[in-house]
Amino acid sequence: MKNKTFVLFKAQLTARFALGGRDGKRAKPIVTAVAVVAIAALAAVYVGLYCLAVDALTRAAVAMEYPDIAYDLVIAAVMAICFLFGIPVVLSNLFLVRDGELLSSLPVTPGQIFSSKFLLVYLGELVLTAIFVLPATVIYAVRVPEVASLWFFLRALYVTLLLPAIPLLGAAIVVIPVMLIASKVRRRELFITVGSLLLVGAMFILQLRLQSMLDASVENADLFGNLLKNNFSRLSAIAIPPMSWASNGVYGGGLTSVMSLACFTLAVIVCFFAARGIMSLIYRNSLRSLLENRRAARRIPSAQAAAEPTSPLSAIIRREWQTLLRSPSWVLNGLTGGLIALLFMILPLFENETRLAFVSLVSALDPSLLAVVLAGAIGLLSCVNAAASSVVSRQGAGFRILKSLPISYEKICLGYLIFGSEVCLTWAIPLLVGSVAVLGLPILPALGGTVLGLVVSTGMTAAMSIVDMLRPKLDWTNEAEPIKQNIGGLAGMILSIALLAVIGLAVYFVMAHTTLPLFAGYAVGMVLGLASIGILWPLTIKKAAKRLESIDC
Amino acid sequence: MLKIENLVKSYSGGKVRAVDCINLEVKKGEIFGFIGPNGAGKTTTIKLVTGILKPDSGSITVDGFDMQSRPIEAKGRIGFVPDTHDAWDRLTGREYLNFIGDIYGVEREERRAALEKYLEMFEIADAVGDQLRTYSHGMRQKLMLTAALMHRPPLWILDEPLTGLDPRSAHALKKEMRAHCDGGNTVFFSTHVLEVAEKLCDRVAIIDNGRIVAVGSLDELRAGKVGESLEGLFLRLTGESDEK
């Protein structure tokens, strides 16, 4: 008899990635080839940039005679990313699923459902882990040649394969209290959304608070040096032992390495069975409570159900906001930029010295430069505008209804682009308020920077959305899929980063390498931003409208 | 009201012909039933007629407007009730109805009157403040019916409209279909329930393997075979088609 966990896992994997065969709708080979090459080329650029950064870090660590610490940092960063981003991923894939009803009706245990879904999440995070850890491993082997051996690479591969397990299981355990409380409250989805946002925010602030306490105990002002020499390894070994076991398992010698790997493996097994055990107790109830149909407390008289009419374009934009804000998955994944902006603005409040240093730096800089820096920050957050990069995919089966309605595809695309641009306000406003109130930015450069940031972000929205509009992923079983497992969305993000880089480089060139006043850099940014809107918006609308019309659904 | 000429739609790069050269004309003021076995091409035809799918060839004209060249005008004359409703689960019933009202440009008073009438008729007024994902299949069906009727469409297209409806709502729907036609409008619907088609339709078309195998009033289809039921007719015609 087949293992039920594996059967469930295989079925979900097949359903999610359509491994059982496509529906006959195939793109032209040349289009697929061009898309693959373009994505691979852009990805190579970003992996290359990451490698350069890791190489610089490793060389610095080697020069300070602590080469291992660079590898420690990579392992720590990957585990932290897996944990923080794992919280929404775990929520979306384990709890906020569409197949919950079906799975609950099958003769399988909650532990088997949890294990199969966890494996699915694990696979996704494994790709992310490999992208970060494997290049760092090769760089470490090049910079510290005495460790490079087949045994070293085999250990690195083994650690890479197991690395996402502990942070993801940690995220699953952290989510449990949220789900337990959520099953008792009336507006549970709102609670899950707010609870998860607070949880991620609290973790982030706690980590930085710990770091700031650590910094305060160091007399030497060389923060990086002290972190490397004295604190990081010690702290990670005490606070998060699996982190040091993982890195020691790779670069440690002889018995240390074997013992570390054994401890790391044991920790993964213990965490897995602990999470599975707890989930067995609460998973079915949590899933059931989410499936229950709760009715609104207030009856709306039929005559009052009619709202004030609005234009079809406004209706499209409003519906996007309504659906985005109601889904915990889409809020957590789509409005990440807003959360990051909020955290970065709150953070200096915890560190008065840092805040004062920022304030003094701000007062010394030219207003045009400040405006450009703020615009750059807004633009950077717009690079992770998943709400825009998955705007058609999120329609799912609803896209069929949209196709039957008397509204042109051009207008639908325009509505999506406006919505995508509006989302940028969720980080532009916190950054504007925070930069003025917390960092002491003068009002005029702050407003100028926000306007420039929004103009650039508006252009980026078209670059961000175009791939999803041309190749949407309309078949999905949980709400995280159209955002997290959407290659088109990822490609859109890469395109928008490329656009931001082009504009940023042009501004930098004017400001740093010409004799023009610094304001000229701001003006160049504005002109390029407006030009990107003027070129990319009509192009996206034209191409996408044609494509959406021909999609069979 | 609805004219379909030489309509063809294939899938899998032309290997599967879901709709194979269909010709059909539905007149103003009639209830037209579209019946056929599972996988015969009913839903694909309806998706083509409502502009969801693009035909490989052929034309569809709705109230004089060609679906290819004047899609907005053509779609604006249709009220469509799909067979599945797993869409935009996060909207409340009220938000969904107002969204549809906005797209069709339904004015406030007209909207208010329509909602008052249909929400009460289909007994879903209590649920209109809830999100669609909390609705049962039947409730979603009723909401879709309300949304489709809100702008008083000259052509009402329903894909399997009676599936999931309780007897009282099914009765109310059948009455409304007749009333809609009596008001000078047209109803085009697909169904598996042959008794309903027999009692309700002015004319029917039977589709099998993507082709229309019979079209006309029941009397015309019986072609002299007195007393033959629609079921017998259906089995005879689709059986013949399968043998071919």
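Values for this structure:
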| quantity | calculated |
| --- | --- |
| Failed criterion for B:Gly79 (all others in (1) assigned to a strand (DSSP E or B); (2) farther than 28 Å from A:Ile317 by Cβ hold) | (2) |
| Of residues in region B:63-119 being among the small types (Gly, Ala, Ser) and more than 7 Å from chain A (Cβ to nearest Cβ), the one surrounded by the most Cβ atoms within 10 Å (Cβ to Cβ) | B:Gly93 |
| Region A:114-142 residues that are more than 17 Å from A:Val250 (Cβ to Cβ), paired with ones that are in a helix (DSSP H, G or I) and among the hydroxyl-bearing types (Ser, Thr, Tyr) (beta carbon under 6 Å, 6 or more apart) | A:Phe114/A:Tyr283; A:Ser115/A:Thr5; A:Ser116/A:Thr5 |
| Counted residues, region B:45-62 - those being more than 8 Å from chain A (Cβ to nearest Cβ) and free of Cβ contacts under 8 Å to residues at least 60 places away in the same chain | 8 |
| Boolean, A:Ile483 is crowded, with 20+ Cβ neighbours inside 10 Å and in a helix (DSSP H, G or I) | yes |
| Qualifying residue in region B:52-59 (condition: closer than 22 Å to B:Leu230 by Cβ and assigned by TED's automatic domain parsing to the domain that holds B:Thr191) | no |
| Condition broken by B:Arg17, with the remaining ones in (1) modelled with pLDDT of 90 or more; (2) surrounded by 15 or more Cβ atoms within 10 Å (Cβ to Cβ) satisfied | (1) |
| Leading residue by the ranking (farthest from the other protein chains (Cβ to nearest Cβ)) among those in region A:389-424 that are touching a Ser or Thr at 6+ places or on another chain (Cβ under 9 Å), assigned to a helix (DSSP H, G or I) and small (Gly, Ala, Ser) | A:Ser421 |
| Test: residue in region B:127-142 that is in contact (Cβ under 8 Å) with a residue 60 or more places away in the chain and more than 14 Å from every other protein chain (Cβ to nearest Cβ) | no |
| Yes/no for B:His151 being closer than 15 Å to B:Leu97 by Cβ and either crowded, with 23+ Cβ neighbours inside 10 Å or within 14 Å of chain A (Cβ to nearest Cβ) (or both) | yes |
| Unmet requirement for A:Ile176, which otherwise passes all of (1) within 20 Å of A:Leu123 (Cα to Cα); (2) in contact with a helix residue (DSSP H, G or I) (Cβ under 7 Å, 6 or more places away or on another chain) | (1) |
| Region A:33-52, subset among the small types (Gly, Ala, Ser) and surrounded by 12 or more Cβ atoms within 10 Å (Cβ to Cβ), residue modelled with the lowest pLDDT | A:Ala35 |
| Filtered residue count, region A:67-104, keeping only those that are assigned to a helix (DSSP H, G or I) and touching a strand residue (DSSP E or B) at 6+ places or on another chain (Cβ under 7 Å) | 2 |
| Residue match in region B:69-79 (condition: under 25 Å from B:Gly138 (Cβ atoms) and modelled with pLDDT of 90 or more) | yes |
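The values are calculated or read from the model by the stated rules, or taken from the named source; none is laboratory data. If you're wondering where the values come from, they're calculated on a predicted model, not measured in any experiment. We place every Cβ from the backbone using ideal geometry, glycine too, and count neighbours over all the protein chains shown.
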